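The values are calculated or read from the model by the stated rules, or taken from the named source; none is laboratory data. None of these values were measured; they are calculated from a predicted model. Here the Cβ is made from the backbone with ideal geometry for all residues, glycine too, and neighbour counts use every protein chain on show.
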Amino acid sequence: NFRVYLMAGMKGDIDMASNARAKRAEDLVKIKKYDYGPEFGIGFNFFFETFIFSPEIKISNGMSNIHSRDPNLIYSSVFDKIHSRMIVFTIHLEG
C-alpha cells in the first residue's frame, strides 16, 4: 500500500550556536538567534507487513533578516541581508 501527503505551515527556529552577542568577533559575520518562515513539503507512506516507511522532503525559507549588523566588524558591511533557506529530507520508520 502507498499514500502521498502534502504539508504546509510555519516554522520557528532558535539558533543555539548564534554569535550575535559574541564579544571577540572581528572576523565573523554575526547571525541573530531567532528566525521564522513558511515550510512546504511532500511525503510518502509505504505500508509493509511489519512497519511503515515514510520519506518526506521539506523546503523552508526564512522571512526575517538574520544578519546582525555591527559597524565595528570588518565583514559586517559586506552583506545587506541574510535569509535562511533549507531543504530537509527526513525518513520516519514506524513499527
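Is it the case that ASN19 is in contact with a Pro (Cβ under 8 Å, 6 or more places away or on another chain), surrounded by 10 or more Cβ atoms within 10 Å (Cβ to Cβ) and at pLDDT below 95? Against the criterion (in contact with a Pro (Cβ under 8 Å, 6 or more places away or on another chain), surrounded by 10 or more Cβ atoms within 10 Å (Cβ to Cβ) and at pLDDT below 95), ASN19 does not qualify.
For the range 84-95, name all the residues that are loosely packed, with under 11 Cβ neighbours inside 10 Å and closer than 15 Å to ILE14 by Cα.
Quick first cut of the range 84-95, residues loosely packed, with under 11 Cβ neighbours inside 10 Å only: 85, 87, 89, 91, 93-95.
Scanning the range 84-95 gives a single hit, ARG85.
When restricted to residues that are assigned to a strand (DSSP E or B), polar (S, T, N, Q) and either surrounded by 17 or more Cβ atoms within 10 Å (Cβ to Cβ) or at pLDDT below 90 (or both), the range 55-83 contains 1.
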